[in-house]
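Participant: Got a structure for you, questions after.
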Amino acid sequence: MTEIIVANTKNHFLQIEKLANVIWREHYIPIVGKPQIDYMLDKYQSAGAIERQVADGFEYFLMAYEETPVGYISVKKEDEALFLSKIYVLSSHRGKKIGKKAMLFIEEKAKDYQLKNIRLTVNINNTNAIKAYEKLGFVNVGPLVTDIGNGFVMDDYQMKKTVHD
């Protein structure tokens, strides 16, 4: 059974930091390289960075499968859309419908905020994720290159999904 828990304590943020360290290194080092992942984990997914993001309006959620933390979600309410910033599940727990439950949760969140769209960004070389998002009804609306400092850029596609009542 999958449970989605509001992450709002230092302990939650530390659990997310630990999950990010495993998931990001496994998944993204082959795509963008270790130096960029080391930088991004420190800058965006350390417990302190998550705490600052939450103070800035991001919401984080832990996903637990049979009471074990196996992934996390981060969203932010914007004027026109719910921004899906992060959705990650440990590779050992993929295929257990955790991501599907997470997407339903995110769609409900958008409806709760009376937003008609969900948007996200995905690395242009992350082909499996792009295919998965397309299967879930997301449409590629074009490239988005973001300078994240230290000589690194995020080379992404922006994707959007309309939420129906």
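The values are calculated or read from the model by the stated rules, or taken from the named source; none is laboratory data. What you are looking at is a predicted structure, and each value in this text was computed from that prediction instead of being measured. Note that each Cβ is placed from the backbone with ideal geometry, even for glycine, and that neighbours are counted across all protein chains shown. Please note that ligands, DNA and RNA were not included when accessible areas were found on the heavy atoms of the full protein model with its side chains. Shrake-Rupley method; radii C 1.70, N 1.55, O 1.52, S 1.80 Å.
Participant: Leaving ligands, DNA and RNA out of it, rank K76, K34, K96, K161 by accessible area with a 1.4 Å probe, largest first.
Facilitator: On the way: K76 50, K34 105, K96 80, K161 30 Å².
Reading off the accessible areas and sorting them downward yields K34, K96, K76, K161.
Participant: Next question. Per-residue HN-Hα couplings for region 87-93, Karplus 6.51 cos²θ - 1.76 cosθ + 1.60 at θ = phi - 60°, whole Hz, x for Gly and Pro?
Facilitator: Running phi through 6.51 cos²θ - 1.76 cosθ + 1.60 with θ = phi - 60° gives 8, 9, 10, 3, 4, 5, 10 Hz.
Participant: Here's something else I'd like to know. Looking at the calculated P(r) for region 119-165, what percent of the C-alpha pair distances fall above 15 Å? Mind dumping the intermediate values first?
Facilitator: Numbers: 475 of 1081 pairs.
Value for region 119-165: 44 percent of Cα pairs lie more than 15 Å apart.
Participant: What nm value, rounded to one decimal, do you get for the distance between E3 and L136 when each label is placed 7 Å out toward the C-beta?
Facilitator: 2.3
Participant: Now a separate question. Amide H to amide H under 5 Å from I148: which residues, 5+ apart in sequence or cross-chain, H placed 1.01 Å off N in plane?
Facilitator: V153, M154
Participant: Return an integer: the convex hull volume of the alpha-carbon atoms of the chain, in Å³ per residue. Intermediate results must be reported in sequence, preceding the final value.
Facilitator: On the way: hull volume 19.0 nm³, N = 165.
In the chain, the Cα convex hull volume per residue is 115 Å³.
Participant: Okay, moving on. Mind putting together the pair-distance distribution for region 77-133? All Cα pairs, 10 Å bins, whole percent per bin, short to long.
Facilitator: Going out from 0 Å in 10 Å bins, region 77-133 shows 21, 49, 27, 3 percent.
Participant: Just want to confirm a number: the relative contact order over region 98-165, from Cα pairs under 8 angstrom separated by 6+ residues, in percent.
Facilitator: The value is 38 percent.
Participant: Okay, moving on. Distance between the C-alpha centers of region 1-79 and region 138-161? Whole Å please.
Facilitator: About 19 Å separates the Cα centre of region 1-79 from the one of region 138-161.
Participant: Quickly work out the T68-to-S91 label distance, labels modelled 7 Å from Cα along the C-beta direction, and quote it in nm with one decimal.
Facilitator: It is 1.6 nm.
Participant: Also: Taking the Kirkwood radius as the inverse of the mean 1/r across Cα pairs, report the Rg/Rh of region 1-94.
Facilitator: 0.96
Participant: Starting from the Cα of K10, step 7 Å toward the Cβ, then list every residue of region 37-66 with an amide N under 15 Å from that point.
Facilitator: Answer for this model: 47-52.
Participant: So for the chain, averaging the separation of alpha carbon pairs under 8 Å that are six or more residues apart and normalising by length, what relative contact order in percent results? Mind dumping the intermediate values first?
Facilitator: Details: 255 pairs, mean separation 30.5, N = 165.
Result for the chain is 19 percent.
Participant: Distance cut-off 20 Å, Cα to Cα: go down the list K10/K109; K76/K131; K18/K43; K10/K101; K131/K160; K100/K135 and report the pairs above it.
Facilitator: Cα-Cα > 20 Å for K10/K109; K76/K131; K10/K101; rest within.
Participant: OK, next. Tell me, what % of the accessible area of the chain is carbon and sulfur with a 1.4 angstrom probe? Mind dumping the intermediate values first?
Facilitator: Numbers: 4630 of 9000 Å².
About 51 percent, which is the carbon plus sulfur part of the accessible surface.
Participant: Which order do you get for S46, S91, S74 if you rank them by accessible area with a 1.4 Å probe, largest at the top?
Facilitator: The ranking, largest first, comes out as S91, S46, S74.
Participant: Solvent-accessible area per residue for the chain at a 1.4 Å probe radius, Å²? The partial results should precede the final answer.
Facilitator: On the way: 9000 Å² over 165 residues.
On a per-residue basis, the chain sits at 55 Å².
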